[in-house]
Structures are given as C-alpha cells and as structure tokens.
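Some notes on the structure that comes next.
Coordinate-derived values only; no laboratory data. Quick caveat: nothing in here was measured; it's all calculated off a predicted structure. All Cβ positions, even for glycine, are placed from backbone atoms using ideal geometry, and neighbour counts span all protein chains on display.
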Number of protein chains: 2
Amino acid sequence: MEKNYDASKFEKPSVTVDIIIFTVKNEDLKVLLVKRNVPPFENFWALPGGFVKMTESLEEAAKRELVEETGVKDVYLEQLYTFGNPKRDPRTRVITVAYFALVSWENLKLKASTDVSDVQWFSAFDVPKLAFDHKEILEYAMKRLRWKLEYTTIGFKLLPGKFTLTQLQKVYEIIFHKNLDKRNFRKKILSLGLIESTKETTEKVSHRPAKLYSFKKKIGDIVEIL
Amino acid sequence: MEKNYDASKFEKPSVTVDIIIFTVKNEDLKVLLVKRNVPPFENFWALPGGFVKMTESLEEAAKRELVEETGVKDVYLEQLYTFGNPKRDPRTRVITVAYFALVSWENLKLKASTDVSDVQWFSAFDVPKLAFDHKEILEYAMKRLRWKLEYTTIGFKLLPGKFTLTQLQKVYEIIFHKNLDKRNFRKKILSLGLIESTKETTEKVSHRPAKLYSFKKKIGDIVEIL
DNA sequence: TGAATAGTGTCTTTCAGACAATATGCC
DNA sequence: GGCATATTGTCTGAAAGACACTATTCA
C-alpha cells in the first residue's frame, strides 16, 4: 500500500467481472455469450459480465451475473484471472476479473435457454468474433478447464446429480477432443473414490441399462488444488 | 459488459497491486515486507504494493513496484489472485491484484537489502501481524509456491544463474519443510532435462567441489502450466 | 436372436520412493 | 590419511496405458 492515501486524489479504473459459463450439451462444450447492442463493439458477441458494485465482493458480483444470465445458483465458480491491459476497452480504463463457471445443462434448461436472440449458447470450439479481449479470456478459460479436468475431479460439475460413467467419459472426450479407453477411464475414475453408484439405472433404453452414479459429498470438496 | 455505459456514472473502487516477493537466504524462505507509517494499520508490516496507474497494465504496475522495492528486473513474476472483499480496507473500496515474484538473493543483495528499518525480509514461516488481509494473501502465495515447485520447474528462479544440485535441493527442502533423498532428487531433476552442467565447479571449499549447473534456456519457459 | 450399449481383467511400461557405498578435493 | 561433501544404481510397488471379450436389456 501507498504511504499517503486520499481516495479522491487518483483517477480510478472501472472494475467489472466477466464470466465464462460452460456447459455440455449435444456432445459439445458450450459457452454462454450475450450480444452487445451499444458501442463499442455493437452487435458483437461478448462474455456476460458487469460492473462490480461498491458493496459486493468479486465473487458476489460474479454470482449475481451468473444468476441473472442463467437462473442457476450453487454451481461451480472459480476466479480465473484478472485482465488489465489499459487498452482493452477503447472507452476508458476497465479492469476485469474473469470467473469461470460450470453448470449442468439439465439444471438450467428451464430458464435461460428459452431466452431469445441476445443470449445464446455457442460451441466453445467455434465462437464468433468477440468484443474486447474476450477471445483471449475464453482461450485462457479453456486452458484452465482442460487442466482442471486432468488433475482434479471437476468434470462432475458439468453433469446432473446422477449420471452414468459413459456420460462422464463423454464429457472428458468432448473437452479433450480425443477418445479415451473405456476400461482405463472407469478404473481411474472409480479409484479416486469420489463417486458412488446409486441403486438406480437408466430406464427405457433399448439395450442394457447403465448404473447411475453420484458424487460422494465428502468433507469439503476436494477440487481444491493450487 | 453492461449494455449502457457512462464512465462517470458509477462510483469506482481503487485498484492496487500487492506483491509477494520471495527469496531464499540463510536456509530460510524470506518474504519482503514494508512498514506502514500512516493509518490505517500504522506501524504494521504489509506487503509492498501501490495503486495501478491509469496508463499501465497490471503486470507493469507489479514490475514497477518490484523494481522500486528491490532494484531487480527480469525476475519471475506471476499473477496470483485478486482480492476484492469490500471490507478489506477500512477506508474505502480497494481491490487488489496480488502478484508473486521469485528472486535470487545473490541478484539483489547489492541494493534493497541495505535499506533500513521500513523495508525488511522476514521468514515466510514467521511473519509479524500484517495489515489488511495481507496474511491471507501471503498464505495463498505460499500454497501456490509449494504447488508450483512440485509440478513445475520454478524452483530455479530462487537461485543465481549457476548453482549446485545440493543448493537446489536445499531450496526444495526449505519450502516443503522436509528432507528429500539426494539420489531421488537428482534423478528427478536431471530427468526433466531443464538444466545442464557447466564446466565449472565450486571453488575453495575444503572438500570435494560440486559441479555448477545452469538452466537450459529452451523455447519459451516451460513453467507454463495452468 | 439380434441390436446396442454396459461392464470387466491382464500384461507391460513407467515413475516414485526406499536405500548405502564410493569418489574427490583440501588440509 | 582424515575430513567433508559429491556422486552414483538397484530394487520394489503403484499407477497409467494398451488391449478384447462377455453381459444385459429390449424389440
């Protein structure tokens, strides 16, 4: 901290949060974008976000935006990185704290997906030109997502509460963009001891039904690394 | 981003950077602190830091602070986390972007270490009460440091350009607070293929001299994970 | 009984960890 | 030669990866 301080003495940047909201749907990784209807970057798609209010924490701001856009609470949310290049917004100095969120499609389809043209899910592998430096932010989020998937158990967060191992494997395959061996995948996931089979199975499928699994809710989420 | 924007319409938070500067000296992990001489937290020790100027990026701000406090450039610097609790500063809303830096004692002892009472190195394992939420920030930095040391090659950054394997092992032992097996440590480090032996050895020691190693400067630092 | 997906085991290779004797330079 | 530290290899257990067949349900 500076030695002398006068809050009014310095010109201050604006601070926003932007959220990268991922979900999996139709065998694809999706990201939620909103269409801008004012300059700059009018008619460009952008990450959802907004100004941080003076009385809310950064995480509260991110959660607020998340609820506004998707109607879901209690999802996985983590701070990603803070982007502060002085030229990233052509109007004025804006520093943005990026968060990334993982939601299961099943949990949110009731609400946000029924919105119309100005809020839409895009394939994370094929997004339109984005406003500001949002492309860079998205790419950073993809890196973090892959990394987390490899070294933590975060993948569950993209699925509903009960899921089959095949569904889970699919999530991994989608995000890593490569096929995985079924036996090795199951061995590894189960050896982590973080999910348990329920007594239920999938129903009304014209083939052998699969067991449904759910997370063990253990002492504190073990997602914490780093 | 918000749909409508008027830079003057919103009250804005102040934005600072704070830096956790680590070094290793006397077989201890040290962190640089500065003593505050104005309220709030007058006479408390705090992390070095300051306001982000309107025309500089966050990283530039962090580098500027780093040079001001230590006189060193070209050190390892990475963004740590952004702390934005609305109550973290009792005066006004201050959001701080924390960076952490690793410097080798040998590279900086010329300058900053000769400063007097208000800038000092403390053992990272035994710091005084800190101003604001700086204790929390420091703890987070320690976690990140341990993590990075385990999964990347970042440890080299705490040593001078040429070093012995024993010195390097010492760094790891200090930070992990436990002893490591010499043979396994050397096997692992050398298998990474990131350092190479020079033709030099330590001199004027009253025992067998050790080979000096240096980093291979490869295509881009391989420290990038996550 | 055929279609479709679920579920399962072995072998090999690689890496981490335990463990102790020899080598070298200086005095 | 004695002291102090440097340097080096083997064995064992665990985990990751390659690989193919049997089981179950429904139509």
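P(r) for chain B, from all Cα pairs and a bin width of 5 Å, is 1, 6, 13, 17, 18, 15, 11, 8, 5, 3, 2, 1, 0, 0, 0 %, short bins first.
Considering only B:155, B:185, A:134, the residue lying farthest towards the positive end of the dipole of the protein assembly as shown is B:185, judged by Cα position with unit charges set on Cβ. Here chain A is assigned +1 on the Cβ of each Lys and Arg and -1 on the Cβ of each Asp and Glu. Its dipole about the Cα centre then comes out at about 880 debye.
Cβ neighbours within 10 Å, averaged per peptide: list B:173-183, B:96-106, B:46-56 in order, most packed at the top. Intermediate values should be presented prior to the final figure.
Working: B:173-183: 12.4, B:96-106: 23.0, B:46-56: 19.6.
In descending order of packing, they fall as B:96-106, B:46-56, B:173-183.
The C-alpha atoms of chain A define a longest principal axis, and helix A:58-70 lies at about 60 degrees to it. Axis of helix A:182-191 versus longest Cα principal axis of chain A: the two differ by about 70°, to the nearest ten degrees. Principal axis extents of the Cα atoms in segment A:118-207, from largest to smallest and rounded to whole angstrom, are 48, 31, 22.
Work out the length of the dipole vector of segment A:69-165 about its Cα centre, built from +1 on the beta-carbon of each Lys and Arg and -1 on the beta-carbon of each Asp and Glu, and round it to the nearest 20 debye.
Details: 15 positive and 12 negative charges, 39 e Å.
Dipole magnitude for segment A:69-165 comes out near 180 debye.
From least to most packed, judged by other beta carbons within 10 angstrom and beginning with the fewest, B:196, A:136 follow the order B:196, A:136. Averaged over the residues of B:40-48, the number of partner chain Cβ atoms lying within 10 Å of the residue Cβ comes to 1.
If you place +1 on the Cβ of every Lys and Arg and -1 on the Cβ of every Asp and Glu, how big does the dipole about the Cα centre of the protein assembly as shown come out, in debye to the nearest 20?
Details: 78 positive and 62 negative charges, 359 e Å.
Dipole magnitude for the protein assembly as shown comes out near 1720 debye.
Our coupling estimate for segment A:31-38, obtained by passing each phi through the Karplus curve with A = 6.51, B = -1.76, C = 1.60 and θ = phi - 60°, is 10, 8, 10, 10, 8, 7, 10, 9 Hz, Gly and Pro reported as x.
Here the alpha carbons of the protein assembly as shown define both size measures, Rg and Dmax, at 24.6, 80 Å.
Report for the protein assembly as shown the percent antiparallel among DSSP-assigned beta bridges with both residues inside it, nearest 5.
Close to 70 percent.
Over 21 Å between Cα atoms, which of A:129/A:178; A:73/A:178; B:188/B:211; A:63/B:87 qualify?
On the way: A:129/A:178 26 Å; A:73/A:178 31 Å; B:188/B:211 17 Å; A:63/B:87 18 Å.
Correct reply: A:129/A:178; A:73/A:178.
Against chain A, whose longest principal axis is taken from its Cα atoms, helix A:165-176 shows a tilt of about 40°.
To check you understand DSSP bridge types, tell me what percent of the beta bridges within chain A (both residues inside) are antiparallel, rounded to 5. Write down the numbers at each step before the final one.
Working: 26 of 36 bridges.
Just about 70 percent of them are antiparallel.
Based on DSSP H runs of at least 4 residues, each adding -39500 (n - 2.57), what is the mean residue ellipticity at 222 nm of chain B after dividing by all its residues, to the nearest 500 deg cm²/dmol? Value at 222 nm, helices only, nearest 500: -7500 deg cm²/dmol. For the residues of B:85-97, the average number of beta carbons from a partner chain within 10 Å of their own beta carbon is 4. Quick note on segment B:6-98: its Rg to Rh ratio, both from C-alpha atoms and Rh being the Kirkwood radius, is 1.00. Our summary of shape: the Cα atoms of segment A:165-211 have principal axis extents of 30, 25, 16 Å, ordered from largest down, in whole angstrom.
Over all residues in B:54-60, what is the mean tally of Cβ atoms on other chains that come within 10 Å of each residue's Cβ?
Values: counts 7, 3, 4, 7, 7, 2, 3.
The shielding value for this peptide is 5.
Please give the net charge around residue A:132, taking every other residue with its beta carbon less than 12 angstrom from that of residue A:132, where Lys and Arg add +1 and Asp and Glu add -1.
Details: positive: A:36, A:87, A:88, A:91, A:129, A:135; negative: A:18, A:89, A:133, A:136.
Here the count lands on +2.
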